[in-house]
Amino acid sequence: MDPRSWSRHHLTALLAGATSLALEVVLVRVLAFFLTSAVDFLAIPIALLGLALGSMGAHYLYRGAPDRLVRLAAMAALPVQAASLVLLFGVFDLWFDDVNVFRATLGRDALRLVIDAALLVPPFAVYGALFAGLFASDPRDANRLYAADLTGAALGCLVTPTLLAVSGLPAAVVATLVGATLLLLVQADVPLVWRGSALALVTALGLGAADGVVLVEHPDPAVLGAALVRRGEPVTITEEAVRWNPIARTALLRFDREKRTSWYVVQDNGLSNVTVQAWPVSREGAAMGPHDLAWRTGRAPRDVLVMFAGTGRDLQDLYVLSGGRARLVGVELNPAVPELARGVSELGLGTFLDEPDVELVVREGRDFLQHDDRRYDLVHVANNGAVQAGRTGHTRRFLDTREAMAAYLDRLAPGGLLVFADQPIAEKLGSFATLFAERGLGPLEEAVAVYGRPRNPSLRTLVVVPGGLTEADRAAVRAEARDAHLPVLYLPGDGDLASLSVNRPVTDDRPFTRGLELGALDLHPAAHQGDLGWISSWVKVLTVLLFAALSAVAGAALLLAGRREARVPARWVAYLGATGLGYMGVEIGLIARTELFVGNPLYAVAVDLAVFLVASALGSWSSSRPLPLGRLGLALATTAAVAWGLVSTAWLGDHALGAPLAAKLLLVPAAIGPAGVALGRYYPAAVAGLEAQGRAAAVPATYALTTLWSVLGSVFAATAMIEAGFRAVVLAGAAAYLIACALLPEARERA
């Protein structure tokens with residue numbers, strides 16, 4: 001390979017890594033809406049499966065020069081990717097536009113998933129063939145090619161969430177097509193007419209996306225908003241505005257009824273619905289419910305905090321109840337929620353939010369609690385609309401943990417009231433039980449009250465008063481429950497708290513309020529129709545089993561089938577399997593442990609993954625220099641790096657959540673970077689080992705194996721962490737790497 005080809009191959013690897021990762025990030029957001037958030041994690045396995053299939057196809061079917069394969073794949077990337085995306089959105093608009101989270105069924109969604117996967121695998125297969133050609137072109141340069149791939153992936157990971165936040169989904173989708181175009185343009189000997197056609201195609205698609213003609217979804221608003229309409233009620237629903245960002249697809253829906261018009265903000269496919277309330281609001285029009293508990297007790301809160309504030313409806317009600325005398329602070333994660341509502345002038349929301357004593361903060365909740373040092377007479381935690389999601393997405397899951405309950409107590413002024421409105425409380429009761437004991441706050445039984453639906457534990461109101469409920473507090477709870485036609489489920493001196501579900505606390509290391517419930521995973525999905533938690537668990541377990549079988553079959557095929565010199569020896573099949581599983585376990589686990597520390601969901605996704613990828617690229621780049629003590633040295637370095645990652649991420653979560661963002665951007669690389677560097681050395685070692693053993697023809701198969709086993713690793717890690725937690729997943733990944741070290745031959749064995 002001449003120097004010009006050498007540099008072009010590195011640029012090709014960088015562009016392919018950036019474009020394929022950007023496409024993967026885009027699909028995570030798209031599938032959360034097209035299907036449900038219960039299965040959006042499958043975007044990663046779909047991408048890795050496509051890469052594996054493409055590299056396996058190149059290994060078994062292609063017999064030409066590797067450089068030519070690289071050029072052909074680069075030429076095919078744009079048209080295949082464009083066709084895949086156009087068809088994906090077109091199929092959705094034609095047949096699958098009736099999205100609503102409460103219509104989820106396993107059979108219906110499985111069909112949609114199969115069709116969407118069939119449309120999405122081809123572009124990743126093209127990239128898989130391209131990477132196979134790159135590594136086969138010069139196995140001795142695999143470490144630097146792999147480093148370029150990882151560096152490009154880090155770039156794609158940084159750019160795509162930023163585009164989603166700033167410009168929305170169409171811009172992010174078009175950006176992936178621009179990446180595929182650049183990949184074509186850097187290739188030599190590509191005809192001018194082909195280059196011109198590529199530029200014309202991406203320009204046409206960009207203009208079409210801007211006009212909403214292609215690469216833009218058009219859901220049925222009547223179905224999207226159906227959960228907000230009473231059965232048989234005549235209403236016309238219109239989707240007035242849409243924002244895509246890294247958090248959710250956020251839509252503003254207008255409901256025209258016979259005598260009134262109302263507005264709602266719907267996130268993704270109805271998973272979270274926010275009522276938009278016009279301003280001004282009369283006292284008679286203000287919602288009572290748990291909002292006026294503080295005033296019923298005789299308190300007159302001056303400082304009020306509302307979590308999950310949405311468009312400000314709870315703030316409006318509390319403002320009216322206080323007679324305009326309270327200072328109100330609301331915290332909302334998704335900036336599009338208040339932005340869309342502000343855009344409707346007839347609602348007057350801007351007038352309310354501009355009041356001097358009203359502050360709506362757009363911020364991740366735990367990040368706000370750690371940075372805010374004010375104390376509040378009333379902390380109102382609103383229903384966050386994510387009960388059905390089982391807390392498997394975004395940093396909002398960290399607001400259910402024991403550490404979050406401690407943060408709420410820290411923000412509560414002496415004699416203050418903490419109210420959790422209409423939400424699951426079993427894990428919260430478990431958290432407060434331990435916190436009250438640790439802080440010497442007295443018996444929990446004297447400090448809490450519960451009312452709500454007896455048969456629906458997902459919709460209960462929990463009142464917490466450290467120091468104990470007064471008689472006025474108890475009378476207020478009874479009055480609230482009576483007015484809402486709900487029974488009181490527990491009051492001090494009235495009932496047994498143990499009769500309610502008091503579950504073990506969830507923690508920042510395992511923040512999932514709902515486990516896999518493996519005992520309930522029967523083969524009768526019809527009995528669980530609409531149960532997103534059950535569907536999510538069923539899909540995760542089935543996916544693990546499916547990819548375990550695929551990985552085993554692929555490993556056996558690459559071990560036994562084909563020309564002898566192109567077969568992958570059993571040792572290397574096992575080695576690549578261990579590293580594929582281990583990489584995803586360590587990467588996903590460590591990133592999850594730093595997600596809360598980074599705080600902002602956009603930065604958490606972009607920075608954490610980019611840091612790990614860049615660190616792995618550095619490890620790959622430096623892998624040509626052997627470590628002292630050979631494979632023992634590699635095992636010791638890996639163990640030390642992963643151990644450092646676990647210790648440092650734990651310290652950051654315990655002691656540095658309140659650090660400024662600039663400091664966090666420096667601390668994250670210091671915490672997880674060493675593990676990434678250590679893990680980046682493993683794949684080039686396999687390529688170098690095969691080349692030293694005269695098995696260079698088997699190199700394309702190594703990329704197939706490592707990506708396919710990474711598919712299994714990603715779904716296993718995403719599933720196992722729900723039951724075992726992040727730390728356990730990292731340790732399992734580290735154990736897989738120690739197995740890989742034992743399988744790695746010493747230099748004298750490779751000679």
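The values are calculated or read from the model by the stated rules, or taken from the named source; none is laboratory data. Because the structure is a prediction, the values reported are computed rather than measured. Cβ sites come from the backbone with ideal geometry, for glycine too, and all protein chains shown count toward neighbours.
At least 1 residues that are in contact with a strand residue (DSSP E or B) (Cβ under 6 Å, 6 or more places away or on another chain) and among the hydrophobic types (A, V, I, L, M, F, W, C) in each: list the helices (runs of 4 or more DSSP H) lying fully within segment 347-456 that qualify. If you could, list the steps in order and put the result at the bottom.
Numbers: elements: 349-353, 365-371, 402-411, 426-439.
It comes to 349-353, 365-371.
Screening ASP93 against (1) touching a residue at least 24 places away in the same chain (Cβ under 8 Å); (2) in contact with a helix residue (DSSP H, G or I) (Cβ under 9 Å, 6 or more places away or on another chain) leaves a single unmet condition, (2).
Yes or no: ALA110 assigned to a helix (DSSP H, G or I) and within 21 Å of LEU679 (Cα to Cα)? If you could, list the steps in order and put the result at the bottom.
Numbers: assigned to a helix (DSSP H, G or I): yes; within 21 Å of LEU679 (Cα to Cα): no.
It is false that ALA110 is assigned to a helix (DSSP H, G or I) and within 21 Å of LEU679 (Cα to Cα).
When we screen ARG375, ARG402 for residues that are of a type in the set (D, E, K, R) and within 23 Å of LEU652 (Cα to Cα), the only hit is ARG402.
Being without any contact (Cβ under 8 Å) to a residue 40 or more places away in the chain and either assigned by TED's automatic domain parsing to the domain that holds LEU738 or in contact with a helix residue (DSSP H, G or I) (Cβ under 9 Å, 6 or more places away or on another chain) (or both) is not true of ALA671.
Being assigned to a loop (DSSP other than H, G, I, E, B) and without any contact (Cβ under 8 Å) to a residue 12 or more places away in the chain is the requirement here; does ARG231 meet it?
Details: assigned to a loop (DSSP other than H, G, I, E, B): yes; without any contact (Cβ under 8 Å) to a residue 12 or more places away in the chain: yes.
Considered against the rule, which asks whether it is assigned to a loop (DSSP other than H, G, I, E, B) and without any contact (Cβ under 8 Å) to a residue 12 or more places away in the chain, ARG231 comes out as yes.
If we scan segment 314-328, do we find a residue that is closer than 18 Å to LEU412 by Cβ and surrounded by fewer than 20 Cβ atoms within 10 Å (Cβ to Cβ)? Checked segment 314-328: at least one residue is closer than 18 Å to LEU412 by Cβ and surrounded by fewer than 20 Cβ atoms within 10 Å (Cβ to Cβ).
Determine, yes or no, whether GLY168 is modelled with pLDDT of 90 or more, assigned by TED's automatic domain parsing to the domain that holds SER20, more than 19 Å from VAL126 (Cβ to Cβ) and not β-branched (Val, Ile, Thr). Don't jump to the end; show me each part of the working.
Details: modelled with pLDDT of 90 or more: yes; assigned by TED's automatic domain parsing to the domain that holds SER20: yes; more than 19 Å from VAL126 (Cβ to Cβ): yes; not β-branched (Val, Ile, Thr): yes.
Judged against the criteria, GLY168 is a match.
Inspect segment 195-203 for any residue being part of a helix (DSSP H, G or I), outside the structural domain of VAL614 (by TED's automatic domain parsing), under 25 Å from TRP621 (Cβ atoms) and not hydrophobic (A, V, I, L, M, F, W, C) and give the result as yes or no. The answer is no, given that none of the residues of segment 195-203 is part of a helix (DSSP H, G or I), outside the structural domain of VAL614 (by TED's automatic domain parsing), under 25 Å from TRP621 (Cβ atoms) and not hydrophobic (A, V, I, L, M, F, W, C). Scanning segment 623-634 for residues being in a helix (DSSP H, G or I) and free of Cβ contacts under 8 Å to residues at least 60 places away in the same chain gives a total of 1.
Selection of segment 457-467 for residues being surrounded by 15 or more Cβ atoms within 10 Å (Cβ to Cβ) and either in a strand (DSSP E or B) or more than 33 Å from the chain's Cα centre (by Cα) (or both) yields ARG460, THR461, LEU462, VAL463, VAL464, VAL465, PRO466.
Yes or no, residue by residue, for (1) assigned to a loop (DSSP other than H, G, I, E, B); (2) hydroxyl-bearing (Ser, Thr, Tyr); (3) in the same structural domain as PHE352 (by TED's automatic domain parsing):
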| site | (1), (2), (3) |
| --- | --- |
| VAL242 | no, no, no |
| PHE255 | no, no, no |
| GLU258 | yes, no, no |
| ASN273 | no, no, no |
| GLU284 | yes, no, yes |
| ASP292 | no, no, yes |
| VAL306 | no, no, yes |
| TYR319 | no, yes, yes |
| VAL331 | no, no, yes |
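Those residues that are among the acidic types (Asp, Glu) and under 23 Å from HIS371 (Cα atoms), I need them from segment 639-696; list them, please. Within segment 639-696, just ASP654 meets the criteria. Among the conditions (1) touching a strand residue (DSSP E or B) at 6+ places or on another chain (Cβ under 8 Å); (2) at pLDDT 90 or above, ALA32 misses just one, which is (2). Exactly one residue out of VAL126, VAL121 is more than 25 Å from SER7 (Cα to Cα), modelled with pLDDT of 90 or more, buried (at least 18 other Cβ atoms within 10 Å of the Cβ) and β-branched (Val, Ile, Thr): that is VAL121. For segment 610-655, a residue qualifies if it is surrounded by 15 or more Cβ atoms within 10 Å (Cβ to Cβ), within 24 Å of the chain's Cα centre (by Cα) and more than 22 Å from LEU145 (Cβ to Cβ), and the qualifying residues are VAL642, GLY645, LEU646, SER648, THR649, ALA650, LEU652, GLY653. Within the option set GLY416, GLY452, being of a type outside the set (A, V, I, L, M), surrounded by 17 or more Cβ atoms within 10 Å (Cβ to Cβ), closer than 15 Å to LEU293 by Cα and over 34 Å from the mean Cα position of the chain (by Cα) holds for one residue only, GLY416.
Take the conditions at pLDDT below 90 and touching a Ser or Thr at 6+ places or on another chain (Cβ under 8 Å) and apply them to VAL101. Does it pass?
yes
Just one of the listed residues (ALA718, ALA701, ALA747, ALA742) is surrounded by fewer than 18 Cβ atoms within 10 Å (Cβ to Cβ), modelled with pLDDT under 90 and out of contact with any Asp or Glu (no Cβ under 9 Å at 6 or more places or on another chain), and it is ALA747.
GLY619: in contact with a His (Cβ under 9 Å, 6 or more places away or on another chain) and in the same structural domain as PRO669 (by TED's automatic domain parsing), yes or no? The answer is no for GLY619. For the criterion of being over 20 Å from THR19 (Cβ atoms), buried (at least 16 other Cβ atoms within 10 Å of the Cβ), in the same structural domain as LEU31 (by TED's automatic domain parsing) and among the small types (Gly, Ala, Ser), ALA132 fails.
Considering each of ASP149, ASP141 in turn, give the residue that is part of a helix (DSSP H, G or I), surrounded by fewer than 24 Cβ atoms within 10 Å (Cβ to Cβ), acidic (Asp, Glu) and in contact with a helix residue (DSSP H, G or I) (Cβ under 8 Å, 6 or more places away or on another chain). Even if it seems obvious, please write down each step before you answer.
Values: ASP149 fails: surrounded by fewer than 24 Cβ atoms within 10 Å (Cβ to Cβ).
Testing whether each residue is part of a helix (DSSP H, G or I), surrounded by fewer than 24 Cβ atoms within 10 Å (Cβ to Cβ), acidic (Asp, Glu) and in contact with a helix residue (DSSP H, G or I) (Cβ under 8 Å, 6 or more places away or on another chain) leaves just ASP141.
Out of VAL242, VAL178, one residue alone is under 30 Å from PRO66 (Cα atoms) and either at pLDDT 95 or above or surrounded by fewer than 18 Cβ atoms within 10 Å (Cβ to Cβ) (or both). It is VAL178.
Yes or no, residue by residue, for (1) in contact with a Gly (Cβ under 9 Å, 6 or more places away or on another chain); (2) in a helix (DSSP H, G or I); (3) not aliphatic (A, V, I, L, M):
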site: LYS664; (1), (2), (3): yes, yes, yes
site: LEU667; (1), (2), (3): no, yes, no
site: GLY676; (1), (2), (3): yes, yes, yes
site: ALA686; (1), (2), (3): no, yes, no
site: LEU712; (1), (2), (3): yes, yes, no
